[in-house]
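The values are calculated or read from the model by the stated rules, or taken from the named source; none is laboratory data. Since the structure is predicted, the reported quantities are computational estimates derived from the model, not experimental observations. Counting neighbours? That spans all protein chains shown, and the Cβs are built from the backbone with ideal geometry, glycine included.
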Amino acid sequence: MREQITLTTTVIRHHPQFCRLVTIPNEQVAEWKLKTTTVVEGTINGMKLGRRSLKRWDDRQCWWIDLPDTLCKKVGLETGDAVSLAIRRASEELPVELQQLLNSNATASATWQRMTKAQQRMLREEIFSAKSSATRLRRAEKVLC
């Protein structure tokens, strides 16, 4: 199985009120055997993409990744631009602060166990996005304690 997928795709905007996005054909990620939203990392035109959610777009038979305006400005992307995209599945390992909280706090652990896989993924990514350890811990405690 390929660890990284590299392709050329086009920046689109599905609706004027939504952010831009890129699509990835089903056959490009088929060997990953994805069933749900999956976190990926990679580059777009050689610039870091960060941790992004790869989501299924059923009516178009493809997957998509959103491109927030801040990223588009940083990379210089406009709707209609052809881009080189390289993605790989991101680690599902928990942030250290979250793992320590789950190990040391029964309430936090019980709350985590009641969450759906999607809720756990979203919380993990929210915590990962914080720059400092103190902020990551504060975000975990806010939701779980």
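Some points to look at:
- Out of Arg114, Arg121, sole residue that is at pLDDT 95 or above, charged (D, E, K, R), out of contact with any Pro (no Cβ under 8 Å at 6 or more places or on another chain) and assigned by TED's automatic domain parsing to the domain that holds Ser133: Arg114
- Within region 89-106, the residues that satisfy the criterion of being closer than 18 Å to Ser129 by Cα and surrounded by 14 or more Cβ atoms within 10 Å (Cβ to Cβ) are Arg89, Ala90, Leu94, Pro95, Glu97, Leu98, Gln100, Leu101.
- Those helices (runs of 4 or more DSSP H) lying entirely in region 1-106 with at least 3 residues of a type outside the set (Ser, Thr, Tyr) and in the same structural domain as Lys117 (by TED's automatic domain parsing): 96-104
- Looking only at residues of region 5-22 that are modelled with pLDDT of 95 or more and out of contact with any helix residue (DSSP H, G or I) (no Cβ under 7 Å at 6 or more places or on another chain), we find that the one that is surrounded by the most Cβ atoms within 10 Å (Cβ to Cβ) is Val22.
- Condition met for Leu54 (out of contact with any strand residue (DSSP E or B) (no Cβ under 6 Å at 6 or more places or on another chain) and surrounded by 12 or more Cβ atoms within 10 Å (Cβ to Cβ)): no
- Entry remark, region 65-106: residues being over 13 Å from Leu137 (Cα atoms), in contact (Cβ under 8 Å) with a residue 12 or more places away in the chain and aliphatic (A, V, I, L, M) number 11 in total.
- Only one entry of Val83, Val22 meets the criterion of being under 18 Å from the mean Cα position of the chain (by Cα) and within 16 Å of Ile5 (Cβ to Cβ), and that entry is Val22.
- Verdict on Ser109 being at pLDDT 95 or above, over 15 Å from Leu21 (Cα atoms) and surrounded by fewer than 18 Cβ atoms within 10 Å (Cβ to Cβ): yes
- Tabulated pairs, region 123-137, first on the phi < 0 side of the Ramachandran plot, second β-branched (Val, Ile, Thr), C-beta under 6 angstrom, 6+ apart or interchain: Leu123/Val143; Arg136/Ile127
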